[in-house]
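*Asks:* Right, I'll just put the structure down here and ask away after.
Please treat every number below as a calculation from the coordinates, not as lab data. Nothing here was measured: the structure is a model prediction, and the numbers come from that model. Every residue, glycine among them, receives a Cβ derived from its backbone with ideal geometry; neighbour counts consider all protein chains shown.
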């Protein structure tokens, strides 16, 4: 009797416990504060890159604003004057911009044909053994610090140019030597990007072209190159962007002091935008001087040009991409 | 039917076809040669670059000593002398200039009043014999002046004083390796000319890259200058760079690969990183100058190793992130799912499964980014790495110089002896980079093996 009663109580207790448990058991994730903290830290790491960009824009913008409102110059004069003489209060960026364009032009004159040529050779002609030895060599060329290229421009390329064109025609510091060496520096970048673009063109296109009786050269020029055009153009634009932003080669080999020359003379000394920033900030520079602020205005210009080129390159490679299955 | 006939008439046949084919093949082979030639030009440029550096770093040089080193110490090597002996040499040869050395190396007061105030004031904080504290420099005997120098200057400083002030090695004319090999008769003639002005002149074959060059501090005298200070500066800066960029870069990569859902913020982060990778390095220099050197001066102490390291850290951050993302993406998702399946949390999965599998790739990418940072010169110039520093950096808050800065400074000088030591410093830099890259390659190889095995 008693035991039956107890058994009944036991059963009802278990039943009510189960019911209570069932009411509680809503399937929530267990809170894990450690995991959340880590997640926040990782997000902050990612967001730091946005702060870097904002920092760059803010710093360049703020100091440039100070420069343009200092009374010494204004934005219109900055963009249109062909004189850059800080001592005389003349701040026209055109001479610096001209030298930048000249060195970049010279660099592309070297880097585009040689870079594209070696990319075509590596992707279309070279046996795999040649390719596997040549690609690391190009990587070595890409890994050499730019200051070493600057040394090379000044102590090898300039004497070579002076030997070819005459001591009187070519100054010790000139944009031609800087530009040519810059071209050699950029060559591996263009070559490797262009080669990637060429290699991603499917074999079937080449085989179809051979099947129609085209030679290898005709296949490359009329089938493979057009198919890889977006990647190749993107490579060229990235190359220009790197040439515009390159500093050490021009700082060592292109000369000091701005020089507006029209028509452009590649054999005289001329300071580029980056070269000017490096030279002025390398000296004794006092904060909040007009010179100090002017560097940021040049930097802003440089930032916009390179950002524009990089965005253009991304747009080109997306817009003109041929998609194969 | 008629259409196919006219088509056939348009296409050349027979001999005409053979001629056209020959022309087409010829054109192809000419262009094919141009393609291989352009690769050859790139390789020739690399060879020229290396030869050019080697050419300047080794070769004959006409030099002259004020005092032969062998007259100072048997064997002519002052490197083995201690402070006492070095001071004795200074005293023997440059007795009158001892006060000048004290002023230049130790004085903490303005040079104009240096001779009028007692040592306790002019050398405040330096170690020197206490009984001399009340005297001025001019009241000291030569022996006492020597004692002050011996008490407070390091052996290194004393040695470089002896080298510059007593031995006074002068490089009259350095020659490139090519000149040394092929124009020996001209060099001999120039040596005879030099002997007329400088009877001590001599010709020696000189490797500008030598043990002394690696261990000596910077100096304004090219014969005595070395890269130790610059090399240590570079290592310090890279240490700070990696300490900052590695955890942040890998963190951002983990976030983007493992956590980020494709919303607007995460897409923005992703494109932003790609664009940051294309910003010229000199712009990072301007950022570092304005933010780290100026605005955060109370933390970074201005133009210091810390500022430089963080600037370069920001510079290589996008590279590290992109490389790490690729390494993480290459880890097969089956590993993650298996880990979730046995009940691991997200972070446990990342920490115990994903990261170990991706680590070789991440490390390789980081080392490659590091070697980019080692060669970066422009940002360091902009944030104002000091150009002339002879004391070794000892903390992140020290002023510093770095190897590429030193190369830039020496190259920018017109004298050819500075070109020679610039070439030697370039070799040091390239060897350093080679070490980094070799490490990266070994890591990559080992990773491949472990995947296969």
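*Asks:* Anyone know which of A:233, A:141, A:43 comes out most mobile in the 10 Å Cα GNM of chain A?
*Replies:* A:43
*Asks:* Same structure again: How far is helix A:128-143 tilted, in degrees, relative to the longest principal axis of the Cα atoms in chain A, given as a value from 0 to 90 rounded to the nearest 10?
*Replies:* That works out to roughly 80 degrees.
*Asks:* In addition: Sort B:196, B:270 so that the residue with the fewest other Cβ atoms within 10 Å of its own Cβ comes first and the one with the most comes last.
*Replies:* Values: B:196 8, B:270 17.
If I rank by nearby Cβ atoms, fewest first, I get B:196, B:270.
*Asks:* Where the centre of each part is set by its Cα atoms, how far does region A:152-227 sit from region B:247-284, in angstrom?
*Replies:* For region A:152-227 versus region B:247-284, the Cα centre distance is 31 Å.
*Asks:* Follow-up question, since we're still on this one. Going by a ≥ b ≥ c, the root eigenvalues of the Cα gyration tensor, does chain A fall in the rounded group (a/c under 1.5), the prolate group (a/b larger than b/c) or the oblate group? If you can, show how the numbers build up before the last one.
*Replies:* Working: a/c = 3.33, a/b = 1.61, b/c = 2.07.
Oblate, since a/c reaches 1.5 and b/c is not below a/b.
*Asks:* Would you mind checking the tilt of helix B:14-57 against the longest principal axis of the Cα atoms of chain B, expressed as 0 to 90 degrees and rounded to 10?
*Replies:* 20
*Asks:* 222 nm [θ] for chain B, helices only, -39500 (n - 2.57) per DSSP H run of 4+, per residue, to 500? Could you put the intermediate results ahead of the total?
*Replies:* Working: 22 runs with 287 residues, N = 453.
Dividing the helical sum by the residues of chain B leaves -20000 deg cm²/dmol.
*Asks:* When only C-alpha pairs under 8 Å and at least 6 residues apart count, what is the relative contact order of chain B, in percent?
*Replies:* Values: 564 pairs, mean separation 80.0, N = 453.
Computed over chain B, the figure is 18 percent.
*Asks:* In whole angstrom, note down how far apart the Cα centers of region B:307-365 and region B:175-220 are.
*Replies:* Region B:307-365 and region B:175-220 have Cα centres spaced 53 Å from each other.
*Asks:* Let me ask another. Quote the relative contact order of region B:228-452 in percent (integer), defining contacts as alpha-carbon pairs under 8 Å separated by 6+ residues.
*Replies:* Details: 285 pairs, mean separation 66.0, N = 225.
RCO, region B:228-452: 29 percent.
*Asks:* Pairing the Cα long axis of helix A:273-282 with the longest principal axis of chain A, what angle in degrees results, from 0 to 90 and rounded to the nearest 10?
*Replies:* Helix A:273-282 sits at roughly 80 degrees to that axis.
*Asks:* Suppose a student asked you for the relative contact order of chain A, using Cα pairs under 8 Å spaced at least 6 residues apart; what percent would you report?
*Replies:* Details: 408 pairs, mean separation 76.4, N = 325.
For chain A, the relative contact order is 24 percent.
*Asks:* Same structure again: Could you list A:195, B:337 so that the one with the fewest beta carbons within 10 Å of its beta carbon is first and the one with the most is last? Before the final figure, lay out the partial values.
*Replies:* Working: A:195 26, B:337 10.
Listing A:195, B:337 from fewest to most nearby Cβ atoms yields B:337, A:195.
*Asks:* Could you check the spin-label model distance between residue B:264 and residue A:76? Points 7 Å from the Cα along Cα→Cβ, value in nm.
*Replies:* Taking the simple label geometry, residue B:264 and residue A:76 are separated by 3.8 nm.
*Asks:* Checking the a/c ratio against 1.5 first, then a/b against b/c, what shape does the Cα gyration tensor give for region B:12-58?
*Replies:* Numbers: a/c = 11.85, a/b = 7.59, b/c = 1.56.
It is prolate, given that a/c is not under 1.5 and a/b is the larger ratio.
*Asks:* Next question, about the same structure. For a test of the definition: using alpha carbon positions, the gyration tensor, and the 1.5 limit on a/c, classify the protein assembly as shown as rounded, prolate or oblate.
*Replies:* Working: a/c = 1.97, a/b = 1.21, b/c = 1.62.
Because a/c hits 1.5 or more and a/b fails to exceed b/c, the protein assembly as shown counts as oblate.
*Asks:* Would you order A:147, A:14, A:170 from fewest to most other beta-carbon atoms within 10 Å of each residue's own beta-carbon?
*Replies:* Values: A:147 29, A:14 10, A:170 21.
Ascending Cβ contact count within 10 Å gives the list A:14, A:170, A:147.
*Asks:* Per the helix-only calculation at 222 nm, which mean residue ellipticity applies to chain A, given -39500 (n - 2.57) for every DSSP H run of n ≥ 4 and division by its residues, nearest 500 deg cm²/dmol?
*Replies:* For chain A, the value works out to -23000 deg cm²/dmol.
*Asks:* Return the distance in nm (one decimal) between the two label points of a simple spin-label model at residue B:182 and residue B:345, each offset 7 Å from Cα along Cα→Cβ.
*Replies:* 7.1
*Asks:* Test of understanding: in a Gaussian network model of chain A with alpha carbons linked when under 10 Å, which of A:314, A:87, A:15 would top the mean-square fluctuation ranking?
*Replies:* It is A:15.
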